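What follows is a short report on a single structure.
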Amino acid sequence: MINFSDIDKYSWKYDLCNRYLRFNHNNIYYKEYRVVNQEDIPKPGEPVFIIGNHQNGLTDALTLLYMYPDKRQPVFIARGDIFKKDFVAKLLYFLKILPSFRNRDGNRGDVRANSGIFDIAAHVLNRGNTLVMFPEASHQSGNYLGTFKKGFPRVAFEAEAMADFKLGLKILPVNIYYEDYYNIRSRVLVTVGKTFTIEHLKELYETQPNNAYLKLNELAREKVKELTVDEGPEYYPQYDTIRKMIREDRLLKKGKNPDDLYEMKLEDMQIVEELDKMLECNPERHSKRMDDALYYERGLKKLGIKNWLVGKEITISSLLMKSLGLVLLFPFFLFGLITNGLPFFFPALLKRKIKDRQLHSSMNFAPGVILTFPLMYLTWFIIGWIVFTWWGGILLAFSAYAILIPFYSYKKAFAKLRGAWRYHRLMKNNNPLLSNLQRIKAEMIAHGLR
C-alpha cells in the first residue's frame, strides 16, 4: 500500500491542478457557487475536522474543497474500495484522499488497516491541518441524513488523545444544498455552522470509548441536521414534491426573493418541519397530503411536464415569440453543437453503466473537465492552425470554449419551450388529469400545511 503518512504535505502540483478545477467547478459547471458564513471557517494552522452531509458522490467533496477563502489543501477520507487499483490509489494520494475501509468494502485485513489510516488522519490534525470526512460513510439518495458511523469519532478522539486532550480540535459542521443534483449550470450552496469541541467527553472516552463514540456521533449529527433539509427516507418523494409545489408562493407571501438559494433552503427546512409536525399531530391529514403529492408527481410524469408550468399563464403569443427567438439563435447553437457536442454528450455513455444516479454529476464533471473538453479544444486549435495560422487556431479554440455556456442555455431553453407548448396544448384540450394537478397544487398553496 502507498505510504500516506505525508499526505498533508504542501504540493505545488496539486495547487496548480486545483486552481484549474476550482475555476471550472465554481464558475462553469455551476451557475452559482455560494458559501454562507464563510467567516466561521477557522484560519489555516488551526486543527479543523470538517463534517458534512453526503448525497452527491465526488461532487460533494469538490464542493467542500473549494469553500475556503484561502488556498489550503485539506485531506479527505473516502471509502476504501476505490483504492484497490494501484494507479487509482496513486491518483487519490495526489488528490490528498485517505482510504477508510468498511466491512462491505473488503476483507478483514482491509478493515484492520483503518487503524493505521486513522492514526495518519489524527497526525494530520495534530499538525494543524484540515481534515474532511462524511460521517455517513456513503451518500444518500436525496435531502436526508443517514446514520453516522464510528470512523469520524475514532479519528477525532485519537487526535485529541495524541495531545492529551490539549489539541483544541475544532469540529466544523457544514451542509451542502443542491438546486439540481444531476444537471450542469445549476446552483449549489454551502452553509457553514459553528465549531464545537470534544474536551467535555475526555473522561467518557478514557473509561467507555464506545459510548464516547456514540455520544459524539449523536452531537455531531444534531449539529449537521440543524443546517440540513432533512426530509427523511420514508416520505422523501412526497416531501420533495410538496416543497417544490409551495416554496415559491410561500416566499413571495413573506416578501422574500424566491430565487435566492439560501432563502429557498431555509423555506425548505421550514416546510419539512411543518410536515413532520403534521405527521405527529394530525396523521390523517398528513396521509392525505402524502397521497396528493404522489398523485401529483405521477401525473406530471404521465403528462410529460414540469411542476413550474402548473398554474402558469401560458399564452400563444409568448410561445411564438420565444420560438422565433430560438430560430434566430439556432446558428449559434449549431456552432456550439459542432464544437462541444462530442465531449458534452460523452458522459451520457458513462452514466449508462452507473445505476446510482447520485454518481451521475461526478461523471458530468470529472471526465469532461480533466479529459474530453481540453482534448476537444486542443483539436480545434490544431485544426485552426492547419487551415489558417496559429492565431486562427487560438481564435477557433477560444470561440468553441466561449460558446459552451450559450450552447447549453439554448438546449435548456428549448426543452422548457417544448414543455410549455405541451402544457398549452393540454390546457387547450381541457385535459382532466392536468385539471386535477392544478387543483391539487392550488389547494396545497391556498391551505398550506395547516
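The values are calculated or read from the model by the stated rules, or taken from the named source; none is laboratory data. Quick caveat: nothing in here was measured; it's all calculated off a predicted structure. Every residue, glycine as well, gets a Cβ built from its backbone with ideal geometry; the counts of neighbours run over all protein chains shown. For accessibility, only protein heavy atoms count, side chains too; no ligands or nucleic acids. Shrake-Rupley method; radii C 1.70, N 1.55, O 1.52, S 1.80 Å.
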Check your understanding: Is it fair to say Tyr236 is more than 25 Å from Ala442 (Cβ to Cβ), aromatic (Phe, Trp, Tyr) and open to solvent by 30 Å² or more (accessible area, probe 1.4 Å)?
Key -> no
**Study point:** helices (runs of 4 or more DSSP H) contained entirely in the stretch 370-450, each with at least 3 residues that are over 33 Å from the mean Cα position of the chain (by Cα), loosely packed, with under 14 Cβ neighbours inside 10 Å and not polar (S, T, N, Q)
**Key:** 373-387
Check your understanding: Within the stretch 238-259, can you find the residues that are out of contact with any Lys or Arg (no Cβ under 9 Å at 6 or more places or on another chain) and closer than 22 Å to Val188 by Cβ?
Key -> Tyr239, Asp240, Thr241, Arg243, Lys244, Arg247, Glu248, Leu251, Asn257, Asp259
Practice item. Check every one of the strands (runs of 3 or more DSSP E) wholly within the stretch 17-83 and list those with 1 or more residues that are open to solvent by 20 Å² or more (accessible area, probe 1.4 Å) and not β-branched (Val, Ile, Thr). Key: 30-36, 75-79
Exercise for review: Could you please tell me which pairs satisfy a Cβ distance under 7 Å, a separation of 6+ or placement on different chains, a first residue in the stretch 345-359 that is charged (D, E, K, R), and a second residue that is surrounded by 11 or more Cβ atoms within 10 Å (Cβ to Cβ)?
Suggested key: Lys351/His360; Lys351/Met363; Arg357/Tyr182
Review point. So how many residues does the stretch 220-231 have that are part of a loop (DSSP other than H, G, I, E, B), open to solvent by 20 Å² or more (accessible area, probe 1.4 Å) and not acidic (Asp, Glu)?
Key: 1
Review point. Which residue pairs have Cβ atoms under 6 Å apart, sit 6 or more places apart or on different chains, and have a first residue in the stretch 377-393 that is over 16 Å from Ile403 (Cβ atoms) and acidic (Asp, Glu) and a second that is at pLDDT 95 or above and open to solvent by 100 Å² or more (accessible area, probe 1.4 Å)?
Key: none
**Study point:** Some residue of the stretch 103-116 being at pLDDT 80 or above, surrounded by fewer than 20 Cβ atoms within 10 Å (Cβ to Cβ) and not acidic (Asp, Glu)
**Key:** yes
Review point. If only one of Pro237, Pro233 is more than 25 Å from Asp40 (Cβ to Cβ) and touching a Phe, Trp or Tyr at 6+ places or on another chain (Cβ under 8 Å), which one is it?
Key: Pro233
Check your understanding: For the stretch 127-219, which fully contained strands (runs of 3 or more DSSP E) count at least 1 residues that are open to solvent by 50 Å² or more (accessible area, probe 1.4 Å)?
Key -> 170-178
